[in-house]
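**Q** My questions will all concern the structure given below.
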Amino acid sequence: FPPQIIARAVWLYFRFPLSLRLVEEMLLERGIVVSYETIRRWCRKFGAAYAKQLRRKKPSRKDIWHLDEVVISIGGRKHWPWRAVDQDGYVLDEIVQTRRDTKAAKRLLVRLLKKQGLSPKRIVTDKLRSYGAAKRDVMSGVEHRSHKGLNNRAENSHVPLRKRERMMQGFRSVGGLQRFISVFSAVRNLFVAPHAAGHSQQSYSKAHAALRPHCLQAQEYY
């Protein structure tokens with residue numbers, strides 16, 4: 001298949017709440033016969049490299065980090081994707097962990113500082129005490145507000161992932177979940193951040209335009 005078809009399949013899967021079989025049917029309607037298993041392989045092979053090339057929001061010391069975690073069951077065991085979003089709803093980082101304690105919260109903060117390169121103005125969390133303990137060790141000078149009502153932005157950011165979880169009938173492995181959310185959030189950021197900032201429909205057109213060229217850089221054929 002040419003890169004344009006691979007790009008289209010990857011873009012459809014990560015941008016919209018579609019299962020692999022639905023993407024297969026959408027391509028079939030256009031006369032492209034490809035199995036859902038091949039689409040899965042495309043998403044796994046090109047998704048990560050694709051996400052790395054997308055433009056990322058420049059960090060600022062005025063940023064406010066909203067931290068939260070959500071439970072997802074994989075193979076009968078509980079796992080927690082820990083997520084950090086900024087004041088505009090832009091996903092800064094996500095990491096799937098088997099713990100919901102201070103060690104896990106500290107790991108998220110250390111990753112965030114390394115990735116962002118600077119500390120925020122403030123962090124906002126729910127009432128989980130692990131955040132406060134981890135914050136004292138990693139960024140003691142940063143203001144911390146712990147209140148469930150103030151952390152709606154982080155909690156609402158879990159909703160798209162929950163929709164995809166239902167569409168995909170759950171995740172099969174921890175590695176698969178981590179790979180998926182890394183690409184899924186990178187693609188969503190192009191559309192969520194402009195909307196949160198109150199921009200017009202033109203912002204979405206620019207986001208779509210920025211999205212396609214990176215997929216078209218795929219040079220391999222199946």
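**Q** Across segment 166-183, what is the number of residues that are in contact with a Leu (Cβ under 9 Å, 6 or more places away or on another chain) and surrounded by fewer than 18 Cβ atoms within 10 Å (Cβ to Cβ)?
**A** Residues flagged as in contact with a Leu (Cβ under 9 Å, 6 or more places away or on another chain) and surrounded by fewer than 18 Cβ atoms within 10 Å (Cβ to Cβ) within segment 166-183 amount to 2.
**Q** Among the listed residues LYS62, LYS78, identify the single one that is exposed (fewer than 14 other Cβ atoms within 10 Å of the Cβ), of a type outside the set (A, V, I, L, M), touching a residue at least 40 places away in the same chain (Cβ under 8 Å) and over 20 Å from PHE191 (Cα atoms).
**A** The unique qualifying residue is LYS62.
**Q** Let me ask something additional. Report yes if some residue within segment 133-151 is modelled with pLDDT under 90, under 15 Å from HIS66 (Cα atoms) and surrounded by 18 or more Cβ atoms within 10 Å (Cβ to Cβ); otherwise report no.
**A** The answer is yes, given that some residue of segment 133-151 is modelled with pLDDT under 90, under 15 Å from HIS66 (Cα atoms) and surrounded by 18 or more Cβ atoms within 10 Å (Cβ to Cβ).
**Q** Quick one: which residue in VAL71, VAL85, VAL34, VAL96 is within 17 Å of the chain's Cα centre (by Cα), surrounded by fewer than 18 Cβ atoms within 10 Å (Cβ to Cβ) and at pLDDT 90 or above?
**A** VAL71
**Q** Kindly evaluate LEU112 against the criterion of being in a loop (DSSP other than H, G, I, E, B) and of a type in the set (A, V, I, L, M, F, W, C). Break it down into steps so the answer makes sense when it comes.
**A** Working: in a loop (DSSP other than H, G, I, E, B): no; of a type in the set (A, V, I, L, M, F, W, C): yes.
No, not satisfied.
**Q** I've got another one for you. Keeping to segment 76-106, report how many residues are of a type in the set (Gly, Ala, Ser) and closer than 10 Å to ALA154 by Cα.
**A** Selection size over segment 76-106: 2.
**Q** Can you confirm whether GLY141 is closer than 17 Å to PHE184 by Cα and assigned to a loop (DSSP other than H, G, I, E, B)?
**A** No, not satisfied.
The values are calculated or read from the model by the stated rules, or taken from the named source; none is laboratory data. Owing to the predicted nature of the structure, the values given are computational and were not obtained by experimental measurement. Backbone-built Cβ (ideal geometry, glycine too); neighbour counts: all protein chains shown.
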